[in-house]
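One structure is given here, and the rest of the page talks about it.
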Amino acid sequence: MVGTRLRINYNGRIEGVRAMIPFGDLRLQYQAIKIELDRAIQSVLDEGWYILGVSVSAFENEFAAYCGTEFAVGVGNGTDALQLALMACGIGPGDEVLTTPLSATFTALAISATGAVPTFLDIDPDTYNMDPQKLEGAIGPRTKAIMPVHLYGQPADMDPILSLARDHNLLVIEDAAQAHGAVYKGRRAGSLGDVGCFSFYPSKNLGAFGDGGMVVTDNPAIAERVRMLRNGGQKGRYDHQLLGRNSRLDELQAAILRVKLTYLEKWNERRRHIAALYTALLADKVEPPVEMPHVRHVYHLYVIRCKDRDALQKHLGERGVGTAVHYPTPIHLQGAYRGLNLRPGSFPVAERSAEQVLSLPIYPELTDAKVRQVAAHILDWDM
């Protein structure tokens with residue numbers, strides 16, 4: 001394989017090489033709970049009701065209870081969850097929303113979809129999350145909300161964010177798409193701000209068999225507006241009161257997610273075990289993730305730092321280990337946001353991180369033996 005040009009596809013699989021340890025393998029999870037999932041899917045087929053039925057309602061109640069919020073509203077995907085939450089909070093054209101440049105670009109796209117403008121601030125170099133110390137200097141006269149991202153499964157430092165938000169009368173909308181079950185000072189991610197937004201993309205800690213999303217909140221007015229907005233702005237059938245969307249979590253996905261929710265804590269603990277094993281094995285070779293003392297990181301991704309990241313990724317790929325980069329280009333340098341006129345160097349910590357981070361395989365079904373095998377290949381690498 002030496003000299004072969006490797007390509008890593010969207011799912012972290014190595015094109016042209018049979019990955020002995022893939023970056024992810026969703027088939028394993030399905031096989032482990034196949035009987036329960038098949039039964040849940042069959043129940044929806046037998047019912048013959050596929051949109052906004054009993055499964056969605058039940059899952060909304062169960063997920064709200066899990067998060068510790070009063071309300072949960074199922075929507076079409078995680079990006080829609082962010083957009084509809086912003087719309088329900090009255091964010092729109094002329095407004096600015098503070099967020100981080102190191103995230104999936106979908107975070108910013110949700111802001112842009114409302115007509116508002118994403119305004120970035122640099123990240124904490126240890127956690128990769130929003131740096132609260134840079135927050136106050138970024139607040140301007142048009143700032144209406146803060147959107148912290150709980151990146152890779154670790155909650156942002158929410159206390160100073162919430163304190164500044166209160167001082168400046170700003171809303172806080174959590175992007176918790178990677179943080180199902182993560183905990184900050186005893187409270188679950190998504191329940192800390194005014195609104196929390198989740199994605200159920202298949203590879204998430206709690207993933208559907210397609211797209212899905214959820215908005216959670218304690219505010220009944222926000223919850224009601226999201227319910228209306230997701231269903232064409234309807235207050236009642238054919239009574240459209242708002243300029244809404246068509247963004248509804250479907251019954252099949254809700255039924256699947258209800259089954260998986262019962263396993264989420266077990267799966268998260270397994271992820272934490274894998275992360276601890278990686279860290280113990282690799283701490284002297286690369287820079288492992290830092291878990292803050294007041295949080296429970298759920299390791300949606302296990303992200304190391306390495307100055308020669310691309311060479312390490314190539315080394316692992318040649319040995320059949322799938323990896324991925326989250327994220328290679330900060331949002332402010334994406335072509336879609338060239339209109340913001342933000343040049344390289346605008347957010348140096350985020351930009352340096354984007355050049356150095358590498359995500360290793362981590363999923364509940366990954367065995368300790370394979371974790372050790374991945375670590376051995378890294379330890380064998382001649383930096």
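What number of residues within region 111-125 satisfy the criterion of being in contact (Cβ under 8 Å) with a residue 40 or more places away in the chain and buried (at least 24 other Cβ atoms within 10 Å of the Cβ)?
Residues in region 111-125 being in contact (Cβ under 8 Å) with a residue 40 or more places away in the chain and buried (at least 24 other Cβ atoms within 10 Å of the Cβ): 2 in total.
Restricting to region 340-371, count the residues that are small (Gly, Ala, Ser), within 21 Å of Arg309 (Cα to Cα) and not in a loop (DSSP other than H, G, I, E, B).
4
Report yes if some residue within region 320-327 is assigned to a helix (DSSP H, G or I) and in contact (Cβ under 8 Å) with a residue 40 or more places away in the chain; otherwise report no. Before you say what the answer is, go through the steps one by one.
Restricting attention to region 320-327, the residues satisfying the condition of being assigned to a helix (DSSP H, G or I) are none.
The answer is no, given that none of the residues of region 320-327 is assigned to a helix (DSSP H, G or I) and in contact (Cβ under 8 Å) with a residue 40 or more places away in the chain.
List pairs: first residue in region 126-144 and on the phi > 0 side of the Ramachandran plot, second residue among the hydroxyl-bearing types (Ser, Thr, Tyr) anywhere in the structure, Cβ distance under 7 angstrom, at least six positions apart or on different chains.
Taking only residues 6 or more apart or on different chains, the pairs are Tyr128/Tyr152; Tyr128/Ser353.
Looking at (1) aliphatic (A, V, I, L, M); (2) within 13 Å of Leu98 (Cβ to Cβ); (3) assigned to a loop (DSSP other than H, G, I, E, B), find the lone condition where Ala177 falls short.
(2)
Quick check, is Arg188 modelled with pLDDT under 95, out of contact with any strand residue (DSSP E or B) (no Cβ under 6 Å at 6 or more places or on another chain) and either surrounded by 20 or more Cβ atoms within 10 Å (Cβ to Cβ) or charged (D, E, K, R) (or both)?
no
Name the single residue that is modelled with the highest pLDDT among those in region 12-40 being in contact with a helix residue (DSSP H, G or I) (Cβ under 9 Å, 6 or more places away or on another chain) and part of a loop (DSSP other than H, G, I, E, B).
Per the stated criteria, the residue is Ile33.
Here are the criteria: (1) crowded, with 24+ Cβ neighbours inside 10 Å; (2) not in a strand (DSSP E or B). Tell me which single one Pro93 does not satisfy.
Result: Pro93 passes all but (1).
Would you say Ala58 is part of a helix (DSSP H, G or I), in contact with a Lys or Arg (Cβ under 7 Å, 6 or more places away or on another chain) and either assigned by TED's automatic domain parsing to the domain that holds Arg187 or more than 22 Å from Leu252 (Cβ to Cβ) (or both)? Working first, answer last.
Numbers: part of a helix (DSSP H, G or I): yes; in contact with a Lys or Arg (Cβ under 7 Å, 6 or more places away or on another chain): yes; either assigned by TED's automatic domain parsing to the domain that holds Arg187 or more than 22 Å from Leu252 (Cβ to Cβ) (or both): yes.
In short, yes.
Within region 329-383, take every residue that is within 30 Å of Ala116 (Cα to Cα) and touching an Asp or Glu at 6+ places or on another chain (Cβ under 8 Å) and give me the one that is surrounded by the most Cβ atoms within 10 Å (Cβ to Cβ). So that I can check it myself, show each step before the final result.
Of the residues in region 329-383, the ones within 30 Å of Ala116 (Cα to Cα) are 329-355, 357.
When the remaining residues are screened for being touching an Asp or Glu at 6+ places or on another chain (Cβ under 8 Å), the result is 330, 333, 344-345, 347-350.
On the way: Pro330: 27, Leu333: 19, Pro344: 10, Gly345: 7, Phe347: 24, Pro348: 11, Val349: 17, Ala350: 24.
Ranking the qualifying residues of region 329-383, first place goes to Pro330.
The values are calculated or read from the model by the stated rules, or taken from the named source; none is laboratory data. This one's a predicted model, so the numbers in the text were calculated from it and none came from an experiment. Here the Cβ is made from the backbone with ideal geometry for all residues, glycine too, and neighbour counts use every protein chain on show.
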